[in-house]
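Student: I have a structure I would like to understand better, so I am pasting it below and will then ask my questions one at a time.
Values in this text are rule-based calculations from the coordinates and carry no lab data. What you see is a predicted model; the values in this text were computed from it and never measured. Glycine gets a Cβ as well: all are built from the backbone with ideal geometry, and neighbour counts include every protein chain shown.
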Amino acid sequence: MSGYLALPVGWDAPDFPDAACKGADTDLWFSMNHADQRAAKAACGTCPHRVDCAEWAIARPGEWGIWGGLNGNDRAQIRISRAAAAAKPGDIVDRHGRPIPAHVKHGSPSTYANWACRCQACTVAAAEAKRAYLERANDTEDAA
Ligand code: SF4
Ligand SMILES: [Zn+2]
């Protein structure tokens, strides 16, 4: 993958000899263009390593680009859903340790802000929203 060349030494990205992206134009995997992203996702869909590849990136919240057919937003949603699924009733409390009313939905940055919910799902959702905001701010700076 040509995209690997510019990356820091020690970056442990998956590099499977028989990956569908091997020898392909890897700019597609790191493009903001939707058509490019669709093409990259389609290639990942034929790759025998897509599950391992996706898990590698899901475990690295700061990672960008498409891995295992998932872009950064797809992976953020998976992290939030997994955090929600792992939550026990006692975890769903606000930052003072008080329970949150049953009708409130979790896995959302607004629940983190408005209810001060510190359950895993809301904490992950708030962190993901902040990360996406900083990424957008960075893109705007780069474009300026
Ligand atoms: S799943 Fe996609 S990004 Fe991962 S190795 Fe395969 S083709 Fe490359
Ligand atoms: Zn919550």
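Student: Among Asp52, Asp94, which comes first, then next, by fewest other beta-carbon atoms within 10 Å?
Tutor: On the way: Asp52 13, Asp94 16.
Ranked by crowding around the Cβ, least crowded first: Asp52, Asp94.
Student: Can you give me the long-range amide H partners of Cys119? Hydrogens built in the peptide plane at 1.01 Å from N, cutoff under 5 Å, separation of 5 or more residues or another chain.
Tutor: Under 5 Å from the amide H of Cys119: Val93.
Student: Straight distance only, please: which aspartates and glutamates reach the Cα of Lys105 with their own Cα at less than 19 Å, same-chain residues fewer than 8 apart left out?
Tutor: Asp91, Asp94, Glu128
Student: Also: Tell me, which cysteines of the chain are without a disulfide-compatible partner by the Cβ under 4.7 Å rule?
Tutor: Cys21, Cys44, Cys47, Cys53, Cys119
Student: What ranking do Trp115, Trp56, Trp67 get, fewest neighbouring Cβ atoms within 10 angstrom at the top? Let's see the in-between values first.
Tutor: On the way: Trp115 21, Trp56 16, Trp67 27.
Fewest-to-most Cβ neighbours within 10 Å comes out as Trp56, Trp115, Trp67.
Student: What residue among Gly90, Gly65, Gly45 shows peak mean-square fluctuation when the chain is described by a Gaussian network model with Cα springs under 10 Å?
Tutor: Gly90
Student: Could you give the size of the charge dipole of the chain about its Cα centre, using +1 on the Cβ of each K and R and -1 on the Cβ of each D and E, expressed in debye and rounded to the nearest 20?
Tutor: Numbers: 16 positive and 17 negative charges, 173 e Å.
So the magnitude is around 840 debye.
Student: R0 = 25 Å: FRET efficiency of Met32 with Lys105, Cβ-based, nearest 0.05?
Tutor: Values: r = 30 Å, r/R0 = 1.19.
Efficiency computed from Cβ-Cβ geometry: 0.25.
Student: Which shape class, rounded, prolate or oblate, goes with the chain when its Cα gyration tensor gives a ≥ b ≥ c as root eigenvalues, a/c under 1.5 marks rounded, and past that a/b bigger than b/c marks prolate? Before the final figure, lay out the partial values.
Tutor: Values: a/c = 2.67, a/b = 1.93, b/c = 1.38.
Since a/c reaches 1.5 and a/b is larger than b/c, the shape of the chain is classed as prolate.
Student: Further question: Which one of Ala137, Pro14, Ala76 is farthest out on the positive end of the charge dipole of the chain, using unit charges on Cβ (Lys, Arg +1; Asp, Glu -1) and the Cα centre as origin?
Tutor: Toward the positive end, the furthest listed residue is Ala76.
Student: Which whole-Hz ³J(HN,Hα) couplings does region 58-73 yield from phi under the Karplus relation 6.51 cos²θ - 1.76 cosθ + 1.60, θ = phi - 60°, glycine and proline marked x?
Tutor: Ordered by residue, 3J(HN,Hα) equals 4, 6, 10, x, x, 6, 10, x, 9, 9, x, x, 10, 8, x, 5 Hz.
Student: Less than 22 Å apart at the alpha-carbon level, and either on another chain or at least 8 residues along: which lysines does that give for Lys41?
Tutor: Candidates past the 8-residue exclusion: Lys22.
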